[in-house]
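To start, the structure under review is shown below, and the notes come after it.
A short reminder: the numbers here are calculations on the coordinates, not readings from a lab. Just so we're clear, the structure is a prediction, and the values are computed from it rather than from any experiment. Glycine gets a Cβ as well: all are built from the backbone with ideal geometry, and neighbour counts include every protein chain shown.
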Amino acid sequence: MTERTSIILDVDTGTDDALAIAFATRHPAIDLIAVTTVAGNIDVEKATANTLAVLDWLGAGEIPVHRGASRPLVRPHRDATYFHDEHGLGGARLPASERELGADRGPAAIIRLARQRPGEIVLVNTGPLTNLAIALNVEPRLIEWLRAVVLMGGAFHVPGNVTPTAEFNIYVDPEAAEQVFSAPFPRLTAIGLDVTERVAITRADWDAVNSDADLPPSASLLREVGKFAFTRLDRDRFALHDPLAVAVAIDPSLVRNEDATVVVDTSEAEVGRTRVVGPGSVQVAVEVDADRAVETYRRTVGLPLPKPA
Ligand code: BDR
Ligand code: CA
């Protein structure tokens, strides 16, 4: 049996966060030990309720969920309901979960687990970086205790998706991002739009899940969370931003990185912009094996093969 990597997922569920959770629960090399939530795509109450509902849907109701920060460090919260819909799950109506939340809050849970298992845990952030910034402020030894951090965020050499220069997760809490990028993590990888925009589920995948009634929950989840994007917004593709970050956490060879020092703009003119200002210790993903990443996703969650065009 492959040695499994212990992962904490920090999410703002969120459509592609839901797909990332599905991937993490199904991948044989991942031991998903906890999920923490944060205000991002949607407020933290909905993000937490969505996370619980998704885990229940996946038959993974034993994984502890810890509610995290309800707003960015210094700014009002700006959500992304324009893409994820008003409930945050892209039109999915999953049964609400009845189960209890983990006793400690997101940042406290990250600190506790990392302290208990130094050098073992990979933290994967797929929402704004508020929880990690708070945790780091309280416990700087997280830098030694976490085995690695892989975050979905940034638009380094490509345009942003909220403003011409900013990617959503960084835009929502740029002060938190600035603190995380300037902390001396020995292994911190940023999976930004430079690579995530190239890794997408297509309309052919959407058609395939809709014409197959007999799918495992990890695959039928796409039928639920893809509704808003593929029907109401009439998109032809659905980028796997957050699943790619989880995939890289266990298979770094999916991307090629540059060693970077990253600066985050916090002034209003270009708020949330992520700039590489020279070499440094942050690994910024600049190239991706997109076919292999999509294939890994399909195979792991059990998506049916799309019909050839
Ligand atoms: C990121 O923003 C969110 O809307 C997605 O869930 C993803 O984490 C992409 O910019
Ligand atoms: Ca997200």
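Considering only the range 73-88, how many residues are part of a loop (DSSP other than H, G, I, E, B) and farther than 13 Å from Lys46 by Cα? Don't jump to the end; show me each part of the working.
Narrowing the range 73-88 to residues part of a loop (DSSP other than H, G, I, E, B): 73-80, 85-88.
Cutting the leftovers down to farther than 13 Å from Lys46 by Cα gives us 73-78.
Result for the range 73-88: 6.
Could you say which residue among Arg67, Arg4 is more than 15 Å from the chain's Cα centre (by Cα), more than 13 Å from ligand 2 (Cβ to nearest atom) and buried (at least 16 other Cβ atoms within 10 Å of the Cβ)?
One residue alone meets the criteria, Arg67.
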Filter result (of a type in the set (Asp, Glu), over 22 Å from the mean Cα position of the chain (by Cα) and within 20 Å of Leu55 (Cα to Cα)) within the range 202-235: Asp214
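Filter the helices (runs of 4 or more DSSP H) completely within the range 101-197 down to those with at least 3 residues that are surrounded by fewer than 18 Cβ atoms within 10 Å (Cβ to Cβ). It would help to see each step written out before you state the result.
Working: elements: 106-116, 130-138, 142-145, 168-172, 174-182, 193-196.
Counting at least 3 such residues, we get 106-116.
Filter the range 70-81 down to residues that are within 15 Å of ligand 2 (Cβ to nearest atom) and either within 19 Å of Glu224 (Cβ to Cβ) or of a type in the set (A, V, I, L, M) (or both), then give me how many there are.
To start, the set of residues in the range 70-81 that are within 15 Å of ligand 2 (Cβ to nearest atom) comprises 72, 77-81.
Pick out the ones that are also either within 19 Å of Glu224 (Cβ to Cβ) or of a type in the set (A, V, I, L, M) (or both) and you get 80-81.
Of the residues in the range 70-81, 2 are within 15 Å of ligand 2 (Cβ to nearest atom) and either within 19 Å of Glu224 (Cβ to Cβ) or of a type in the set (A, V, I, L, M) (or both).
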Flag if Thr51 is away from ligand 1 (no atom under 12 Å from the Cβ), of a type outside the set (D, E, K, R) and either within 16 Å of Val124 (Cα to Cα) or under 16 Å from the mean Cα position of the chain (by Cα) (or both): yes
Filter result for Gly91 (assigned to a loop (DSSP other than H, G, I, E, B), buried (at least 17 other Cβ atoms within 10 Å of the Cβ) and touching a residue at least 12 places away in the same chain (Cβ under 8 Å)): yes
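How many residues are out of contact with any Asp or Glu (no Cβ under 6 Å at 6 or more places or on another chain), more than 16 Å from Ala135 (Cβ to Cβ) and within 16 Å of ligand 1 (Cβ to nearest atom) if we restrict to the range 23-48?
Step one: filter the range 23-48 for residues out of contact with any Asp or Glu (no Cβ under 6 Å at 6 or more places or on another chain), giving 23-35, 37, 39, 43-46, 48.
Adding the requirement that they be more than 16 Å from Ala135 (Cβ to Cβ) leaves 23-32, 43, 45-46, 48.
Remaining after also requiring within 16 Å of ligand 1 (Cβ to nearest atom): 23-24, 43, 46, 48.
Qualifying residue count, the range 23-48: 5.
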The range 236-270, residues that are more than 21 Å from the chain's Cα centre (by Cα) and part of a loop (DSSP other than H, G, I, E, B): Asp236, Asp265, Thr266, Ser267
Residues that are crowded, with 23+ Cβ neighbours inside 10 Å and part of a loop (DSSP other than H, G, I, E, B), drawn from the range 7-32: Asp12, Thr13, Gly14, His27
